[in-house]
């Protein structure tokens, strides 16, 4: 690979890492809070507010992280690892995919607006007017989150394809983590129920 592409490769590699992390956290969230009736009953049977707390922690964390990836290319003289930095970098290198990447970023900008508002008004800062209002914020949609992630991966693969680098299959579901917790929780509740019946 040409050394002149080193900066571009660093940006791409950083974005691959962060997008992969987001897919991982999204997979965990979906395993626990996927509206599957049996999982819902399992969590409810614990009689714990922990799951509600975890639900909101996931949403605030996922919202902040996905917005980070759409931050301006630079803030106060420091470069941000973001898709805007990638867009600027591929323009500098005059890549053929720059127009296509620009169009995809426009699609993302539309979908990410409610997430940016939630980050700005409720998760990263506490906006008094919003938090004291009965109206609240627009509901964040999981489908929109998944759409943004899929468009992130499309951009990465477009650039990697033009640079003749490996493309990535994002979003492969992990069998660890959340599934293991639910399995242990199921076993614990079954044991509790058996002991309670004696």
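The values are calculated or read from the model by the stated rules, or taken from the named source; none is laboratory data. Since this is a predicted model, take the numbers as computed values, not measurements. With ideal geometry, Cβ positions are generated from the backbone for all residues, glycine too; neighbour counts draw on all protein chains shown.
The table that follows gives values for the structure above.
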read-out: Options 130, 184: the member that is more than 19 Å from the chain's Cα centre (by Cα) and within 18 Å of residue 64 (Cα to Cα); value: 130
read-out: Some residue of the range 187-197 being farther than 24 Å from residue 32 by Cα, at pLDDT 80 or above and assigned to a helix (DSSP H, G or I); value: no
read-out: Selection status of residue 149, without any contact (Cβ under 8 Å) to a residue 60 or more places away in the chain and surrounded by 15 or more Cβ atoms within 10 Å (Cβ to Cβ); value: no
read-out: Complete set of residues in the range 117-134 that are surrounded by fewer than 16 Cβ atoms within 10 Å (Cβ to Cβ) and touching a residue at least 24 places away in the same chain (Cβ under 8 Å); value: 124
read-out: In the range 163-175, residue modelled with the highest pLDDT [restricted to those that are more than 21 Å from residue 146 (Cβ to Cβ) and surrounded by fewer than 16 Cβ atoms within 10 Å (Cβ to Cβ)]; value: 164
read-out: Segments classed as helices (runs of 4 or more DSSP H), wholly inside the range 1-69, with at least 1 members that are modelled with pLDDT of 95 or more and buried (at least 19 other Cβ atoms within 10 Å of the Cβ); value: 6-32, 50-68
